[in-house]
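The values are calculated or read from the model by the stated rules, or taken from the named source; none is laboratory data. All of these numbers come straight from a predicted model, not from anything done at the bench. Cβ coordinates were reconstructed from backbone atoms using ideal geometry, including for glycine residues, and neighbour counts include every protein chain displayed. Ligands, DNA and RNA are excluded from the accessible area calculation, which covers all protein heavy atoms including side chains. Shrake-Rupley method; radii C 1.70, N 1.55, O 1.52, S 1.80 Å.
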Amino acid sequence: MKSLFKKSTYILPVAMLLFACGGKETKKATTVVAAKTSKTKTLAIEKPQLTFGFIKLTDMAPLAIAKEKGFFEDEGLFVSVEAQSNWKNILDRVIDGQLDGSHMLAGQPIAAGAGFGRQAKLVTAFSMDLNGNAITVSNDVWSKMKPHVAKDKDGKPVHPIKAEALKPVITEYRNSGKPFKMGMVFPVSTHNYEIRYWLAAAGINPGMYTKENVQGQIDAEVLLSVTPPPQMPATLEAGTIHGYCVGEPWNQQAVFKGIGVPVVTNYDIWKNNPEKVFVMTEKFVNENPNTAIAVTKALIRAGKWLDKPENRKEAVQILSMSQYVGAPVEVLANSMTGTFEFEKGDKREMEDFNVFYKYNATYPFYSDGIWFLTQMRRWGQIPDAKTADWYASTIKDIYRPDIWKKAAALLVAEGNIPAADIPTTDGYKPATADFIDGTMYDAKDPIGYINSFKIGNKDKK
């Protein structure tokens, strides 16, 4: 709000005048004014009234916390946070300007800028979380997988469970003339790429996309289709799909309802993988640069608040509210408070199932975005081969760490985060093999990475 900027310019001269007068009363007045000044934001907000969208998932938490804990208001922002029906609706409403920004699948702004689906210039300056997804199968499928899963000395399944255990079940379905169907939330969702990665790592073909066929089911041994997250458990229970990949609380909901069993988390598919991002249009950011920085500041503070273990129970209470996720407290707590339940009663410690701030989770790393581009090319959503330079230049138009750094620098100056929390980076994480199949990912060699897989497109360097 512009008035906040004006107020700060008035407070400083008054403080100096009081200081010059001397005396005990002066010291008291100076202390009071200094306290007010430290809380006053110096940004001239171009658009204080904002409307943001989200899908009812646990990982929308930074938006809910930034609103409920007053972090948006501290920045001079008056934010409405509105649940949306599906990911396509969110994308369309952000592009059309009906939403000023939104909780979004990491792949959505990337696809919009890379040529798959609806095209638009979208940017993200804030990564909302790491991990948070799982793959769940029906009770019937699990009963058939279980004999092929190793057990520990207590008779419990050894995790992570690889898709090799699913192979005999898929074969049984095929031999009986039935297609094996699984759900994911959107064609460019992390969930689509994670379930494909998990299946393909076991030699199961999840299907290919082409320019002419955008269903992604060419030569597929498992038919993947889109189901909105809140509808996943009911769709599984109805037998329309035999399993799905989704974020919380919809895997734990299957456990509570007794209709399915989560078999693997995305932490085990790709350790500390990026999940959702906060997205605005390039036009909005260009026209409202201070507003974009202020929004990013509030969200970074929310992420930091969320990753304090003592705050998770309160976060669960907030998320359970009908205007946010609206799921029962006990379902949300199952994954948000450092545990995750697989089979009913098989609850395991999983401290990093939901990460909102640790490991530089809020920073928009180029290397994270390039991974999504490699998967779009691997599965044919990007139908033509690209150069390595194309991957680097494309992501730099979408991921905006420059905005994040400005926001973080202000938070450091205000004492809201320590300077050590700002990473020293060129935007690329070190190469890692923290995947379920041990394949090495180096974002600076995207074509080599694509070519390293047995299943999927291959490109010439």
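Looking across region 76-118 at every residue that is among the acidic types (Asp, Glu) and more than 14 Å from Lys56 (Cα to Cα), the one that is least open to solvent (accessible area, probe 1.4 Å) is identified as Asp100. Would you pick out the residues in region 139-176 that are part of a strand (DSSP E or B) and touching a residue at least 12 places away in the same chain (Cβ under 8 Å)? Selection gives Pro157 alone.
Which of the residues spanning region 80-97 are over 20 Å from the mean Cα position of the chain (by Cα) and touching a residue at least 40 places away in the same chain (Cβ under 8 Å)? Within region 80-97, Gly97 is the sole residue that qualifies. Selection of region 119-148 for residues being touching a His at 6+ places or on another chain (Cβ under 9 Å) and surrounded by 15 or more Cβ atoms within 10 Å (Cβ to Cβ) yields Met128, Asn133, Ile135, Val137, Ser138, Val141.
Whether any residue in region 242-256 is closer than 30 Å to Gly415 by Cβ and assigned to a helix (DSSP H, G or I) is what I want to check. No, there is no match, as no residue in region 242-256 is closer than 30 Å to Gly415 by Cβ and assigned to a helix (DSSP H, G or I). When Ile422, Ile403, Ile447, Ile398 are screened for being at pLDDT 95 or above, open to solvent by 30 Å² or more (accessible area, probe 1.4 Å) and among the hydrophobic types (A, V, I, L, M, F, W, C), only Ile422 passes. Here Ala315 does not qualify as in contact (Cβ under 8 Å) with a residue 60 or more places away in the chain, out of contact with any helix residue (DSSP H, G or I) (no Cβ under 7 Å at 6 or more places or on another chain) and of a type in the set (A, V, I, L, M, F, W, C). Going by what's in this entry, would Pro179 be described as modelled with pLDDT of 95 or more, assigned to a loop (DSSP other than H, G, I, E, B) and open to solvent by 10 Å² or more (accessible area, probe 1.4 Å)? So Pro179 passes the test. Residues in region 321-346 that are buried (at least 19 other Cβ atoms within 10 Å of the Cβ) and either in contact with a Leu (Cβ under 8 Å, 6 or more places away or on another chain) or among the hydroxyl-bearing types (Ser, Thr, Tyr) (or both): Tyr324, Val325, Ala327, Leu332, Ser335, Met336. Applying the criterion of being assigned to a loop (DSSP other than H, G, I, E, B) and open to solvent by less than 30 Å² (accessible area, probe 1.4 Å) to the residues of region 432-444, the residue that is farthest from Lys386 (Cα to Cα) is Ile436. Of the residues screened, Arg378 is one that is basic (Lys, Arg), farther than 24 Å from Val279 by Cα and touching a residue at least 40 places away in the same chain (Cβ under 8 Å). Number of residues in region 192-225 that are touching a Pro at 6+ places or on another chain (Cβ under 7 Å), surrounded by fewer than 22 Cβ atoms within 10 Å (Cβ to Cβ) and closer than 26 Å to Asn89 by Cα: the value is 3.
Residues of region 229-243 include at least one that is closer than 13 Å to Thr58 by Cβ, touching a residue at least 12 places away in the same chain (Cβ under 8 Å) and either touching a Phe, Trp or Tyr at 6+ places or on another chain (Cβ under 9 Å) or open to solvent by less than 10 Å² (accessible area, probe 1.4 Å) (or both).
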